[in-house]
Amino acid sequence: MRACRGQDVPHTPVWFMRQAGRSLPEYRKIRAGVGMLESCRRPDLVTEITLQPVRRHNVDAAVLFSDIVVPLEAAGVDLDIVAGTGPVIAEPIRTAAGLDRLRPITADDVSFVAESVRQLVGELGGTPLIGFAGAPFTLASYLIEGGPSRTYTRTKAMMYGEPELWHALLGRLAEITLTFLRTQIDAGVSAVQLFDSWAGALSEADYREFVLPHSARVLGSLAGAGVPRIHFGVGTGVLLGAIGEAGADVVGVDWRTPLDRATTLIGPERPVQGNLDPAVLFAPWEVVEREARRVLEQGRAAPGHVFNLGHGVLPDTNPDMLTRLVELVHTASAR
Ligand code: CP3
């Protein structure tokens, strides 16, 4: 939390996106026979799965086990999370009538998330819990495409061809995201991360016109909530200046942009998070160590640095590499 605020820290803190999940045998065991969305709705499972990587790796933060599509299901969308694929939407939203099926949510619709957060805060002691949500663009891309996409053709077709419907959809998604994040904050999370994972598919001009205002509304509405707001996307090199303007306290950076270059783009006043290439963990340890030291060095250009990977832990990652990386970050950055 101190690094997110640009304050002095005893060492650079580290956590990993997707630190809970298939890289851990204890996760695969507890999830056996339980669907992904079902596991997100059970506070006992959410608590155990969230704690697994904290126990094993000694990371400096826990990240709530959930998914960006959990509030969409609560909003009435018929969807599933298919292993190896991701979210799949039964009836994609491509018309005004489709948008009507997406109703606003209340805290009661996601009460299981609040219950999970309360349990976790009790168990975690001093370790912060990071809550999260999907940003309006990334959620819209799943709703419009019906699943993962490489080209975002239908998403962009609506964006360019029916801008009014587009803005109505993103406005409603911003409301849903806000309620989901406020529920987590009210229940006790220490920080929140807004995932705009697929924003890197856009040009800067389109990002500014069609996406930034909606993400900025989510982040701006939480300005007084007292928790650091982290904002992350993949492939956002050319967008980093604009993403910084969306208003988060910390900008997450993928592995393509060195952190010192990112700080030049975002502005010198904002802490950064990232950005070791998750694939580097498949190289020999000497390479991992060299790359991690480079990330630490480049992170010094910003007023605060939260060490992370440039995207989520890949499922086949050797978890011992992650444990060793946490130890290295702590010792190599000790002040
Ligand atoms: O440890 C953590 O980071 C917290 C848990 C978390 C999950 N999803 C659990 C999960 C978080 C933060 C997410 C966010 C999420 N979900 C994002 C944004 C982060 C990112 O990766 O960019 C996105 C785009 C999604 C949508 C989604 N859900 C995808 C692309 C997938 C992967 C599909 C697959 O099987 O490869 C999911 C499923 C999912 N969410 C899993 C986990 C642990 C894997 C499902 C399983 O274990 O059965």
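Nothing in this text is a laboratory measurement; each read-out follows from the coordinates by a stated rule. Everything quoted here is computed from the prediction, not taken from an experiment. Every residue, glycine among them, receives a Cβ derived from its backbone with ideal geometry; neighbour counts consider all protein chains shown.
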- [ ] Scan the range 180-214 for residues that are within 30 Å of residue 160 (Cβ to Cβ) and within 14 Å of the ligand (Cβ to nearest atom) and report the count.
- [x] 11
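Condition check: surrounded by fewer than 22 Cβ atoms within 10 Å (Cβ to Cβ) and either of a type in the set (Ser, Thr, Tyr) or within 13 Å of the ligand (Cβ to nearest atom) (or both). Does residue 6 satisfy that? Give the derivation first.
Values: surrounded by fewer than 22 Cβ atoms within 10 Å (Cβ to Cβ): yes; either of a type in the set (Ser, Thr, Tyr) or within 13 Å of the ligand (Cβ to nearest atom) (or both): no.
No: the conditions fail for residue 6.
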TODO: Considering (1) buried (at least 21 other Cβ atoms within 10 Å of the Cβ); (2) closer than 13 Å to residue 19 by Cα; (3) not hydroxyl-bearing (Ser, Thr, Tyr), say which one residue 40 fails and leave the rest.
DONE: (2)
Task: Enumeration of residues in the range 50-89 that are within 11 Å of the ligand (Cβ to nearest atom), within 17 Å of the chain's Cα centre (by Cα) and within 30 Å of residue 12 (Cβ to Cβ) - done: 50, 53, 59, 61, 62, 63, 64, 65, 66, 67, 68
Task: Near pairs, Cβ below 6 angstrom, 6+ apart or cross-chain, from the range 131-146 (in contact (Cβ under 8 Å) with a residue 24 or more places away in the chain and among the hydroxyl-bearing types (Ser, Thr, Tyr)) to any residue that is away from the ligand (no atom under 12 Å from the Cβ) and in a helix (DSSP H, G or I) - done: 141/155
